[in-house]
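Have a look at the structure below, then the notes.
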Amino acid sequence: MENPRQKPAKIDATADNGPDGDLPDILDLVMEMGSSPPAPPPARLKTLVETATAYAKAASSENTQDAYAKDWRHFTSWCRREGFDPLPPSSQVIGLYIGACASGSVIDTAVGDPKRSAPALSVATIERRLSGLAWNFTQRGVPMDRADRHISTVLAGIRRKHAKPPRQKEAVLGEDLLAMLETVGHDLRGLRDRAILLLGFAGGLRRSEIVGLDVVRDDHSDGAGWIEIFPDQGVLVTLRGKTGWREVEVGLGASDQTCPLVALETWIRFGRIARGPLFRRIFKDNKTVDVERLSDKHVARLVKRTALAAGVRSDLPEGERELLFAGHSLRAGLASSAEIEERYVQKQLGHASAEMTRKYQRRRDRFRTNLTKASGL
């Protein structure tokens, strides 16, 4: 087995284009293409570079880009401390890295103690981090071979030793949501939060989808979709997903107090929102609505706060309850509460398979199909 500390062949890694810096400049890549047509004038080339860069950034969400950048910084910092070169990718070095992450032997630089190790990472975090490294290596023109035995074997051992069953967020059921709405005020902030809870639940939306909505269609928006109100019928939500655009139909509620359409119309009217982001920050005076889009973290905090205030799962200790609820609780709540054929729930959530939808259904008749009796026993 080769010595992983043996320095691999060097690649050009300057201060602006190094293993710890930004991605390679697209201008450098263009110049490396070999024999090519004469370069356009500098001003025109700058415009082309800016356009291509904007499209490249749009290939993945901002959250994904931030996560991949964090993965790269963590890996390169570890390489510096251990004396390895991060580039080009070495399967042996990466195997050592994920082993250190799983065992909790990576130094925690955040606390400023050179001897203190960070907590061991979960299997899901390590797998996500590998995906981030693979993306970063590919962008730098040196793909990582994740199937190499130095990586795959170590990862298999980590899964076998440390993998735990997935911990799902508690579903907010229909009756739970009604109690949560009672804890929301009737001021401007309360009107907004009521609309968020009702639309997020009835639409089975992710928290990023909720805050990514615009009040009307805008082809130049950075949002994730928009709403269209059909009076006396419901709300049509158009979303941009990973595989394309999809539509979500949100019908009327049984009363004005529980109707997503009424809640949305009320918030839009009193928030004086004509275009742009649907859900926005509100200043401390609770009268002025900002132009900036609300953070998706607000949805998670809102669900947690109102669920605790409403006494949802009050049978559990307070410490456990605080860990149960998040933005995903709304999505799981619709899947668990809707007394309707599973295929309709699957369509509303935008799942490609019924199996994925069932993972969201915390309350369902699991033994409706009895293969024991069907086999004659």
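The values are calculated or read from the model by the stated rules, or taken from the named source; none is laboratory data. All of these numbers come straight from a predicted model, not from anything done at the bench. FYI the Cβ positions are ideal-geometry reconstructions off the backbone, even for glycines, and counts take in every protein chain you see. Ligands, DNA and RNA are excluded from the accessible area calculation, which covers all protein heavy atoms including side chains. Shrake-Rupley method; radii C 1.70, N 1.55, O 1.52, S 1.80 Å.
Some values worked out for this structure:
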| quantity | calculated |
| --- | --- |
| Accessible area, probe 1.4 Å, largest first, for residues Y55, Y68, Y97 | Y55, Y68, Y97 |
| Karplus (6.51, -1.76, 1.60) ³J(HN,Hα), θ = phi - 60°, over the range 122-137, in Hz, Gly and Pro reported as x | 6, 4, 4, 5, 5, 5, 5, 5, 4, 4, x, 5, 4, 5, 5, 5 |
| Other-chain or far-sequence residues with amide H under 5 Å of I282's (modelled H) | D290 |
| Nearest-0.05 FRET efficiency for D218 and N286, computed from C-beta distance (R0 22 Å) | 0.20 |
| Quotient of C-alpha Rg and 2.2 N^0.38 Å, computed over the range 43-92 | 1.60 |
| Geometric extent, Cα atoms of the range 140-274 - Rg, Dmax (angstrom) | 20.8, 61 |
| Approximate spin-label separation Q65-S77, in nm, with each point projected 7 Å along Cα-to-Cβ | 2.2 nm |
| Distance violations [Cα-Cα > 29 Å] among K70/K169; K70/K304; K169/K287; K70/K297; K284/K304; K70/K284 | K169/K287; K70/K284 |
| Summed side-chain charge close to L308 - residues other than L308 whose Cβ falls under 14 Å, Lys, Arg +1, Asp, Glu -1 | -1 |
| Accessible surface, 1.4 Å probe, highest first, among residues T138, T306 | T138, T306 |
| Rounded to 5, the percent of DSSP beta bridges in the range 146-283 classed as antiparallel | 90 percent |
| List W78, W226, W245, ordered by accessible area with a 1.4 Å probe, largest first | W245, W226, W78 |
